[in-house]
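Structure, as structure tokens:
The values are calculated or read from the model by the stated rules, or taken from the named source; none is laboratory data. These numbers were taken from a predicted model, which means no experiment stands behind them. Quick reminder, even Gly has a Cβ in these numbers, built from the backbone with ideal geometry, and neighbours come from all protein chains shown. Surface areas here come from the heavy atoms of the whole protein model, side chains and all, with no ligands, DNA or RNA. Shrake-Rupley method; radii C 1.70, N 1.55, O 1.52, S 1.80 Å.
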Amino acid sequence: MAHTVGSGNAPVSDTQASTSADRSYEGSTFQYSMVLEHLIGEKRPIKDLNPTVMGGLPNPMKTDDQKMIERGMESCAFKAVLACVGGFVLGGAFGVFTAGIDTNVGFDPKDPMRTPTAREVLKDMGQRGMSYAKNFAVIGAMFSCTECIIESHRGKSDWKNAVYSGCVTGGAIGLRAGAKAGVLGCGGFAAFSAAIEYYLR
């Protein structure tokens, strides 16, 4: 009789074991899906990449004065002034250099046989350096200002801004000598700007 009861309870225990196994499998599958949902799903928590958390230095909040200075430095007027100053310095150095290697500096056209003095040579070098400095300053300010305006209008920062700005600057400078010179200046400055942008990028 005991054998009969034992044999009768065997299928019941097997059924319970299979049911518990199915439940444990479903539970593990559910837990696995929850883990995936938290790792790569919509419930994934978004972590703030704070430098202090990553071991870096804390980033202090910017004051109103600092924000105003940053806005001023990013303005087109400041960029134009900076380019004007840089062009003035570069043009002056280039003018003095070209005057230094020119053998005709200081010579009087009315009396070419007379040897120029050091003062006359320095005077001619200064005049040529000042002339180059003014031209470079005007070109730098025009190019930087037009590029900034075009970039603000387009809302993009790419090589096309420099090409458009070069065309406007070259055309404006060349128009003083006529329409043909303006077109040539536009094309030449645009090509030069495109080459510089290609080299820099």
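Share of pairwise Cα-Cα distances greater than 11 Å in the range 158-200 is 54 percent (whole percent). Between F192 and E74, the simple spin-label model (points 7 angstrom out along Cα→Cβ) gives 3.1 nm.
Modelled spin labels at A118 and N135, positioned 7 Å past Cα toward Cβ, are 2.9 nm from each other. The modelled label-to-label distance between N104 and W159, using points 7 Å beyond Cα along the C-beta direction, is 3.9 nm. With Cα atoms defining each centre, the range 120-141 and the range 144-159 are spaced 29 Å apart in the structure.
When the accessible area of the range 158-200 is computed with all protein chains present and a 1.4 Å probe, what percentage of it is carbon and sulfur? Ligands and nucleic acids excluded, carbon and sulfur give 74 percent. Each Cα pair under 8 Å and six or more residues apart adds its separation to the average, and for the range 158-200 the resulting relative contact order is 45 percent. Most tightly packed first, judged by the mean number of other beta-carbon atoms within 10 Å of their residues, the peptides 156-167, 68-79, 134-145 read 134-145, 156-167, 68-79.
Given q = 0.18, 0.19 Å⁻¹, what are the Debye log10 I(q)/I(0) values for the range 61-159, with equal point scatterers placed on the Cα positions and solvent ignored? Here log10 of I(q) over I(0) equals -0.85, -0.90.
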